[in-house]
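The values are calculated or read from the model by the stated rules, or taken from the named source; none is laboratory data. The structure displayed is predicted, hence computed values, not measured ones. As a convention, Cβ positions derive from the backbone with ideal geometry for all residues, glycine included, and neighbour counts pool all protein chains shown.
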Amino acid sequence: MTSTIATVSLPDGELIPKLGQGTWEMGEQPARRAAEIAALRAGVELGMTLIDTAEMYGDGATESLLGEALAGLRERVFLVSKVYPHNAGRRAMEAACEQSLKRLKTDHLDLYLLHWPGSVPLAETVEGFEALRRAGKIRHWGVSNFDMDDMEELIATPGGDACATNQILYNVARRGPEFDLLPWLADHKMPAMSYSPVDHARLPKRSRLDEIADARGVSVFQVALAWVLLQPQVFAIPKAGSVEHVRDNHRALELRLTVDERAAIDAFFRPPRSKRPLEML
Ligand code: NAP
């Protein structure tokens, strides 16, 4: 059953689902392959149609698995991949994108991101993205792991204001971006993509999240995801390697945290009062 999932808006007004799926570490263990494919397909059926991957993951093996998982489903998916910083020059990017498209068995990406800031000048990277866009190989482009200074540099670069999003480490235990980066992105009408929204399954044990989860009879993952999904103009891409975990994450959409629960979370995971450098996983 496909359900309607809340959306966020890209700067050009295109709506994308607030809850999608990540793929890091998928496609690396043959014994897990069938379960991972089933998980991704179940997620699409549930409406979690935004899927994030990267050329880096499994050295291309993750994109290959995703290409297989999306057989017959590609048209329903908003497909995101990421280019290595060392491939972010115009020529290298064209070749890297071609390889990603081949592995993903598609002729275009919906969004192509620079995986993290590197040494190729941003002007060249923006030119490379725009050339791919003109060629119909990508529909939107954006960045990842860009802190405030990186975003300021990007926006000052010719064409840099066409950036659609910044994919960042943001979850209930890593709230630094609330101080400056999230407001800056909101001011520029760019939604933030929360990666590791359940902190790569390393959320602190015996925290307020567990108390809320126990009291509500839900999983701690659902509480953490419900919290991220409360944040305006933020969308999340949890990775789940089984249908059971995908369904669990999808149910986070139904979990409405109360004012008291949110206050208890704020008391435990304090919002930032000063600049914290952007963390990366
Ligand atoms: P995550 O989504 O926060 O956590 C994934 C981990 O949580 C996995 O071990 C997964 O286990 C477990 N999990 C998820 N839902 C669960 C549930 N309902 N019940 C129990 N366990 C659950 O971490 P992530 O994979 O680091 O981040 C998500 C995606 O963001 C990545 O897959 C990737 O696409 C992207 N990412 C981007 C960057 C970047 O630099 N741009 C960095 C990191 C991640 P199972 O696999 O067993 O389900």
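So the values come out like this:
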quantity: Residue within the range 160-167 that is under 30 Å from E124 (Cα atoms) and among the β-branched types (V, I, T) present; calculated: yes
quantity: Members of the range 239-281 found to be within 16 Å of the ligand (Cβ to nearest atom), polar (S, T, N, Q) and either at positive phi or part of a loop (DSSP other than H, G, I, E, B) (or both), listed by number; calculated: S242
quantity: Neighbours by Cβ (under 7 Å, 6+ apart or cross-chain): first from the range 113-131, under 12 Å from K82 (Cβ atoms); second basic (K, R) and surrounded by 18 or more Cβ atoms within 10 Å (Cβ to Cβ); calculated: L113/K82; H115/K82
quantity: Whichever residue in the range 169-181 is surrounded by fewer than 23 Cβ atoms within 10 Å (Cβ to Cβ) and away from the ligand (no atom under 12 Å from the Cβ) and, among such residues, is nearest to D12 (Cα to Cα); calculated: L181
quantity: Check on L255, among the hydrophobic types (A, V, I, L, M, F, W, C), buried (at least 23 other Cβ atoms within 10 Å of the Cβ) and free of Cβ contacts under 8 Å to residues at least 60 places away in the same chain; calculated: no
quantity: From the options V223, V228, V218, residue that is within 13 Å of the ligand (Cβ to nearest atom) and part of a loop (DSSP other than H, G, I, E, B); calculated: V218
quantity: Single condition L281 does not satisfy, out of (1) surrounded by fewer than 16 Cβ atoms within 10 Å (Cβ to Cβ); (2) modelled with pLDDT of 95 or more; calculated: (2)
quantity: Inter-residue pairs, beta-carbon under 7 Å, first within 15 Å of L79 (Cβ to Cβ) and in the range 36-61, second outside any strand (DSSP E or B) and of a type in the set (S, T, Y), 6+ apart; calculated: I51/T23; D52/T23; T53/T23; T53/T62; E55/Y84; E55/S100; Y57/T23
quantity: Scope the range 1-37; condition out of contact with any Ser or Thr (no Cβ under 7 Å at 6 or more places or on another chain) and assigned to a helix (DSSP H, G or I); matching residues; calculated: P30, A31, R32, R33, A34, E36, I37
quantity: Verdict on N166 being within 16 Å of the ligand (Cβ to nearest atom), touching a Ser or Thr at 6+ places or on another chain (Cβ under 9 Å) and closer than 30 Å to R270 by Cβ; calculated: yes
quantity: Residue count, the range 195-215 (criterion: buried (at least 20 other Cβ atoms within 10 Å of the Cβ) and near the ligand (Cβ under 8 Å from one of its atoms)); calculated: 4
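Rundown of residues vs (1) more than 15 Å from the chain's Cα centre (by Cα); (2) β-branched (V, I, T), yes/no style:
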{"residue": "L225", "(1), (2)": "no, no"}
{"residue": "Q233", "(1), (2)": "no, no"}
{"residue": "V243", "(1), (2)": "yes, yes"}
{"residue": "R251", "(1), (2)": "yes, no"}
{"residue": "E254", "(1), (2)": "yes, no"}
{"residue": "A263", "(1), (2)": "yes, no"}
{"residue": "A267", "(1), (2)": "yes, no"}
{"residue": "R276", "(1), (2)": "yes, no"}
{"residue": "L281", "(1), (2)": "no, no"}
